[in-house]
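Structure record follows, encoded as structure tokens.
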Amino acid sequence: MCRRALLECVVFVCATAGVARADAPAGPWAEIPAEVLHDKIHGGLLGQLLGNLNGLPHEMKYIDEPGDVAEYTPALPDGARTDDDTDLEWLYVCAIQRSPTVELAPGHVAALWKRHVNDRIWCANHYARQLMDLGIEPPLTGYVIVNPWSDFNISGQFVCETFGLVAPAMPQTAARIGLHYTEVTIEGEPAQTTQMFTAMIATAFVTDRIPVVLDAGAAAVDPKSQVARIAADVRALYAEHPDDWRAARQAIREKYSRYEGAMRDRNGYELNTASTLAALLYGEGDFVDTLRTAFNFGWDADNNAATAGTIVGVIRGYRWMRAQGWKIVDRYENTSRPGLPDDETITRFAGRVISVADRVIRREGGQKIDADGKTIYRIRRQEPGNVEPLADPAEQFAKLRSKLKPEIESALAGEAEPRERARAVYLAICLDLAEPLRRQDPDRWSQAVKAIEQYPGLLHALADSPAPAAAELRKRAIAVGVGKAK
């Protein structure tokens, strides 16, 4: 490409600082030097790791009242390690590198979980893993009809950041890829957070202005969603209390804490989405202040800091972060995912993400070109937009019931394997088909109940899941002889 063509590119990038110009005009293409793009991806990953691991001491510590962290210096003196905020994405990225497709097939995803994800998972992720043992595959594992955590759990946020990194300047593509993987465990409003945060991360590659990044997130969600209202509320509170994050936090707690600070609040998207957005606003693009604010807002603080850290990490870039003198050892220790590499480094992890980003850019019509001795990514730029609106719950229930009823009836009436009978019992309970099936053939139903009792992990997960969705599911299960009343 000639110099004149380069000067006509629609996004200008300061290659020395690695930060896109805030006043870059919008247009159909973004042109980013490869070294800058790689630096931003690496910076986003490091920001995510710092937010996650430095935030763990603050996780679930500040519920009724905020934290009081006055000083904070980012550091990973022993290197990073696996945690559920990053290691599921690591698993997926490693698998994508070996696959011809970026969106792995449902059976492939389930097989990966069975092989590698058997410990150190919680909430919606833990429940989905139990469902996989019954032979239930994604995305059904993420439907609230079968997974009572999925309509509020923040897995839609903390398993999405890497998919924003692989789709720079392509917020809709980022959202679609993110949804493919987060909907293994969630749907509904949490799926709106996936779209919000992946769009924000993708947009951070082409602007350093936090309000513009937030605008992209707002454009990516269903305007009828609760997430859209939360985002608007947080920005209004910031405008009202620009110098008093504590007042904003108090107002957020009063409006969105609905379960007296119990797990449904602590692990729910409402308070944690608000906290992440507030951290970005009050941090004003400063990496340290952004993470410190996320810690102090509390609730599931490490996840919120990780998401905010990814966004500011993309804006600042890896070279800038390393130039701060923070003590960071280049290690990503595998402490939780047997069968994945035991010699991973942060740099190698970032290289994996970069390789996937290269594939996504090309797949979406972009190019990697040489111009004046430099390698440039020419990316087909996208406007942010909502790619998956909220579904109608009643309509979704009816469709799923119609689709699965013949399969359930067949498994219960024939000589199915025990796992198939157990799966049929569970799905019959979820779809409110259990009572008529039990009356129709009590003996076969009794045999099927014995089959599901061979999966105590699922029954314990159901017993321990929070209301409201789990309460109805437990009630139906107990009524047909499955499980016990708490």
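The values are calculated or read from the model by the stated rules, or taken from the named source; none is laboratory data. The structure displayed is predicted, hence computed values, not measured ones. Please note: Cβ atoms are built from the backbone with ideal geometry, for glycine as well, and neighbour counts cover all protein chains shown. In case anyone asks, the SASA skips ligands and DNA or RNA and just uses the protein heavy atoms, side chains included. Shrake-Rupley method; radii C 1.70, N 1.55, O 1.52, S 1.80 Å.
May I ask you to list the residues in the range 117-165 that are among the acidic types (Asp, Glu) and under 30 Å from residue 379 (Cβ atoms)?
Residue satisfying the conditions is 161 alone.
Exactly one of (1) small (Gly, Ala, Ser); (2) assigned to a helix (DSSP H, G or I); (3) over 25 Å from residue 469 (Cα atoms); (4) open to solvent by less than 10 Å² (accessible area, probe 1.4 Å) is unmet by residue 111. Its number?
Exception for residue 111: condition (4).
Test of understanding: among 416, 477, 448, 467, which residue is surrounded by 16 or more Cβ atoms within 10 Å (Cβ to Cβ) and outside any helix (DSSP H, G or I)? Please lay out each step first, then the result.
Details: 477 fails: outside any helix (DSSP H, G or I); 448 fails: outside any helix (DSSP H, G or I); 467 fails: surrounded by 16 or more Cβ atoms within 10 Å (Cβ to Cβ).
After applying the criteria, what remains is 416.
Please count how many residues of the range 217-234 are open to solvent by 60 Å² or more (accessible area, probe 1.4 Å) and in a loop (DSSP other than H, G, I, E, B).
Result for the range 217-234: 2.
Just one of 214, 237, 179 is in contact with a Lys or Arg (Cβ under 8 Å, 6 or more places away or on another chain) and not in a loop (DSSP other than H, G, I, E, B); which is it?
None of the other options fit; the residue is 214.
Which residue pairs have Cβ atoms closer than 8 Å, lie 6 or more positions apart in sequence or on different chains, and pair a first residue in the range 359-373 that is more than 21 Å from residue 170 (Cα to Cα) with a second residue that is charged (D, E, K, R)?
Close Cβ pairs satisfying both conditions: 371/3; 372/3.
Kindly indicate the residue of the range 87-103 that is in contact (Cβ under 8 Å) with a residue 24 or more places away in the chain and part of a loop (DSSP other than H, G, I, E, B) and also nearest to residue 41 (Cα to Cα) among those meeting that condition.
Per the criteria, the residue is 102.
Pick out the one residue from 64, 151, 84 that is in a loop (DSSP other than H, G, I, E, B), charged (D, E, K, R) and over 18 Å from the mean Cα position of the chain (by Cα).
On the way: 151 fails: over 18 Å from the mean Cα position of the chain (by Cα); 84 fails: over 18 Å from the mean Cα position of the chain (by Cα).
Residue meeting the stated conditions: 64.
Given the conditions (1) over 14 Å from the mean Cα position of the chain (by Cα); (2) in a helix (DSSP H, G or I), which single one is not true for residue 260?
With (1) over 14 Å from the mean Cα position of the chain (by Cα); (2) in a helix (DSSP H, G or I) applied to residue 260, the lone miss is (2).
Taking interchain pairs and intrachain pairs at least six residues apart, which have beta carbon atoms under 8 angstrom, with the first residue in the range 392-409 and in contact (Cβ under 8 Å) with a residue 12 or more places away in the chain and the second surrounded by fewer than 12 Cβ atoms within 10 Å (Cβ to Cβ) and in a helix (DSSP H, G or I)?
none
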